[in-house]
1. Mind checking whether some residue in region 153-174 is within 16 Å of ligand 1 (Cβ to nearest atom) and in contact (Cβ under 8 Å) with a residue 24 or more places away in the chain?
2. Hand me the list of helices (runs of 4 or more DSSP H) wholly inside region 32-124 holding 2 or more residues that are without any contact (Cβ under 8 Å) to a residue 60 or more places away in the chain.
3. Just to check your reading of the model, which residue among Asp86, Asp19 is within 24 Å of Glu134 (Cβ to Cβ) and of a type outside the set (A, V, I, L, M, F, W, C)?
4. Just checking, how many residues over region 237-258 are of a type outside the set (Val, Ile, Thr), under 28 Å from Leu294 (Cα atoms) and surrounded by 23 or more Cβ atoms within 10 Å (Cβ to Cβ)?
5. If I go through region 194-228 residue by residue, how many of them are in contact with a Phe, Trp or Tyr (Cβ under 9 Å, 6 or more places away or on another chain), of a type outside the set (A, V, I, L, M) and within 15 Å of ligand 1 (Cβ to nearest atom)?
6. Somewhere in region 297-320, is a residue under 32 Å from the mean Cα position of the chain (by Cα) and within 19 Å of Pro179 (Cα to Cα)?
7. If we scan region 69-88, do we find a residue that is within 22 Å of Leu240 (Cβ to Cβ), modelled with pLDDT under 95, polar (S, T, N, Q) and surrounded by fewer than 17 Cβ atoms within 10 Å (Cβ to Cβ)?
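The values are calculated or read from the model by the stated rules, or taken from the named source; none is laboratory data. Only a predicted model underlies this, so the values are computations on that prediction, with no experimental measurement involved. All Cβ positions, even for glycine, are placed from backbone atoms using ideal geometry, and neighbour counts span all protein chains on display.
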Amino acid sequence: MVKLPNPFKQAVIPLNVDDILDISFRRAFRKSRPIRSRGDKLLIYKAREVSRIQVISDTITSRLDKVVKKFPSIERLDPFYRELLDVTASIDRMKHSLGAVQWASKLIKRLSKIYITRIKKVNDPDLMIQLRREALGRISSVLKRVNQEIDFLREMVSALRNLPDLDTGIITVIIAGMPNTGKSTLLSKLTTKTPEIAPYPFTTRGLIIGHGELRGKKVQFIDTPGLLDRPLYKRNKIELQAIVALKHLKGPVLYIFDPTEICGYSIREQVSLFEELFSSLEHHMIAIINKVDLGEEYREKFNKIISYLNEKNIVFVKISAKDGTGLPILKELLLDYLKEETE
Ligand SMILES: Nc1nc2c(ncn2[C@@H]2O[C@H](COP(=O)(O)OP(=O)(O)OP(=O)(O)O)[C@@H](O)[C@H]2O)c(=O)[nH]1
Ligand SMILES: [Mg+2]
């Protein structure tokens, strides 16, 4: 079973209103069959005008219907993606826009039916043309009335389709920590394939997703540069919501400390971000003390972090993401976590 984790992948990006009109008018006026001399000319004129309305209405409404139908059911969305939808587009606004498109489609179908019936009843070719023009004018103006909604959908559906493919059903280990503490280095050590980078709402650098395995069980690792690497008070409401979406991912958070402060952030700053995340995320947190290969040189600083974590009774592992020291112990800790989760 190959299921695309991002439920918006199959959503359809609508064309803009001008292009929809352009395509459908072209299609309707492309092949007007020559009027043969034999047969009832009136019937042929009639058929031609009816078909023009029909083709335009069908072309427009099938496109609009596809946009609505291919958008995943908002009610049944996985909570993670539902939250991301809300951060990206606002669920209410999205529902409103999809509703408007559906409304336009219905009205266009109704108008075309009404005008086709009227054309069928008249016997004057000029009147047929006049009715057809009127029909197409009204159909166009209905479509133009949802112009804004269609533009909104165009922008949002493309953004949603680009969201990261995260399998919300498997364990996801989130790697957090201030810039340059070693998040990417650690991710590369815990994963097999080259990580994927996907845009994530309101981050400049996207989400980095790596795939790994722990004793035969699939695990995703995500690195969140620009998201979990600076104090929360510096963020706006929407960025905070993007962080909140992470709570729907099942798995622990690894918080990386760089006691050497080579990363450019003091131990105090690193501790303060850790405490903030600790109190705002609901995840199980594992503290990682990175760069132990430099432990001798920075012994005092390492001790400072160790006593802090001991005092707070926080589980920690000392590693070197660079040379691999401590990684087996870290994996054991993750396995313990997995075991607890499945028991
Ligand atoms: N000595 C030593 N250096 C390390 C270790 N882990 C990472 N580094 C170095 O620290 C620097 C930053 O590492 P990254 O893995 O890029 O850090 P990051 O947290 O992903 O940084 P951002 O993506 O900017 O947030 C790099 O020069 C790494 O080589 C380690 O265990 N020991
Ligand atoms: Mg990085």
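1. Going through region 153-174, the residues within 16 Å of ligand 1 (Cβ to nearest atom) turn out to be 173-174.
Among the residues that remain, those that are also in contact (Cβ under 8 Å) with a residue 24 or more places away in the chain are: 173-174.
Scanning region 153-174, I find at least one residue that is within 16 Å of ligand 1 (Cβ to nearest atom) and in contact (Cβ under 8 Å) with a residue 24 or more places away in the chain, so the answer is yes.
2. Details: elements: 41-70, 79-89, 91-121.
Once the helices (runs of 4 or more DSSP H) in region 32-124 are filtered for at least 2 residues that are without any contact (Cβ under 8 Å) to a residue 60 or more places away in the chain, what remains is 41-70, 91-121.
3. Details: Asp86 fails: within 24 Å of Glu134 (Cβ to Cβ).
Step by step, each of Asp86, Asp19 is checked, and only Asp19 is within 24 Å of Glu134 (Cβ to Cβ) and of a type outside the set (A, V, I, L, M, F, W, C).
4. Residues of region 237-258 of a type outside the set (Val, Ile, Thr): 237, 239-242, 245-252, 254-255, 257-258.
Those left that are additionally under 28 Å from Leu294 (Cα atoms): 252, 254-255, 257-258.
Next cut, surrounded by 23 or more Cβ atoms within 10 Å (Cβ to Cβ) only: 254-255, 257-258.
Residues in region 237-258 being of a type outside the set (Val, Ile, Thr), under 28 Å from Leu294 (Cα atoms) and surrounded by 23 or more Cβ atoms within 10 Å (Cβ to Cβ): 4 in total.
5. Total meeting the criteria: 5.
6. Just the residues of region 297-320 that are under 32 Å from the mean Cα position of the chain (by Cα), to begin with: none.
No; the residues of region 297-320 include none that is under 32 Å from the mean Cα position of the chain (by Cα) and within 19 Å of Pro179 (Cα to Cα).
7. Within region 69-88 (the criterion being within 22 Å of Leu240 (Cβ to Cβ), modelled with pLDDT under 95, polar (S, T, N, Q) and surrounded by fewer than 17 Cβ atoms within 10 Å (Cβ to Cβ)), the answer is no, since none of the residues qualifies.
Here's the yes/no breakdown for (1) closer than 20 Å to Lys247 by Cα; (2) within 11 Å of ligand 2 (Cβ to nearest atom); (3) assigned to a helix (DSSP H, G or I):
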{"site": "Thr172", "(1), (2), (3)": "yes, no, no"}
{"site": "Asn180", "(1), (2), (3)": "no, yes, no"}
{"site": "Ser184", "(1), (2), (3)": "no, yes, yes"}
{"site": "Thr192", "(1), (2), (3)": "no, no, no"}
{"site": "Phe202", "(1), (2), (3)": "yes, no, no"}
{"site": "Gly210", "(1), (2), (3)": "yes, no, no"}
